[in-house]
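Throughout, read-outs are computed from the coordinates displayed, never taken from laboratory work. This structure is a prediction, so every number in the text was calculated from the model and none was measured. A quick note on method: Cβ atoms are made from the backbone with ideal geometry, for glycine too, and the neighbour counts reach across all protein chains shown.
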């Protein structure tokens, strides 16, 4: 990838601090370089030289940037430049705002899907990209619901066979079982098993070619 932005590794901490101050005035034009500088400052904990204990306090006090925005700048550089090695010109054409729309999806996607999301962001206007992402998320939720429904149906079929009863009778038996159960213990078990189930779903999705 052709690197037109500042080589931050050649800069002193003070030069990095000054560069961030100058570049932050035009964030949309400089978000890649800003992201690189802030990433270096955060990773190297250079904010300590300025007397700050956290990166968030540093950027909010020194540059009047919110911690959330600073985090987005860092994550954008780390993901699209440092990890994916996307061309700087492509990212500038897409723009910071559109990159924020796809960043959470790209982060979770496999490499083929990552490139596809970048291509879509480069081609689609903001409005169309938002609509596409909304549709994608809704479809993903439906797919997840379908898998949960399959799990529930399989469980109910097994329980009905165990008790050899109707679904109404099964609900009654389950109510009897849970009547005196410890609420906190049940919640804890359900939470742990739900997390395990959803983690397995995500892992399976990542492994699917």
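See the values below:
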| quantity | calculated |
| --- | --- |
| Whole-percent pair-distance distribution, where bins are 10 Å wide, for the alpha carbons of region 104-156 | 22, 39, 23, 12, 3 |
| Packing-based ranking, highest mean first, of 66-79, 155-168, 87-100 given that Cβ atoms within 10 Å are counted | 66-79, 87-100, 155-168 |
| Where labels lie 7 Å past Cα in the beta-carbon direction, separation of residue 93 and residue 188 in nm | 5.6 nm |
| Kirkwood Rh, Cα atoms: Rg over Rh of region 8-123 | 0.99 |
| Gained length - residue 173 relative to residue 29, 0.36 nm times residue gap less alpha-carbon distance | 45.4 nm |
| Linear extension gain, residue 83 paired with residue 164, 0.36 nm per residue minus alpha-carbon span | 23.6 nm |
| Sequence-separation-based contact order of region 8-123, relative, with Cα cut under 8 Å and 6+ spacing, percent | 21 percent |
| Contact order normalised by residue count of region 59-149, Cα under 8 Å, 6+ apart, percent | 19 percent |
| Highest-first arrangement of 12-21, 29-38, where packing means the average Cβ count within 10 Å | 29-38, 12-21 |
| Rotationally averaged projected area of region 138-207 (alpha carbon convex hull; nm²) | 6.1 nm² |
| On Cα atoms only, tilt of 67-76 relative to the major axis of the chain in degrees | 90 degrees |
| Between helix 183-207 and the chain: long-axis angle, C-alpha atoms, 0 to 90°, nearest 10 | 60 degrees |
| Degrees, to the nearest 10: 167-178 long Cα axis against longest axis of the chain | 70 degrees |
| Inter-centroid distance (Cα atoms) of region 173-204 relative to region 104-157, Å | 26 Å |
| Share of Cα-Cα pairs in the chain lying beyond 32 Å, as whole percent | 42 percent |
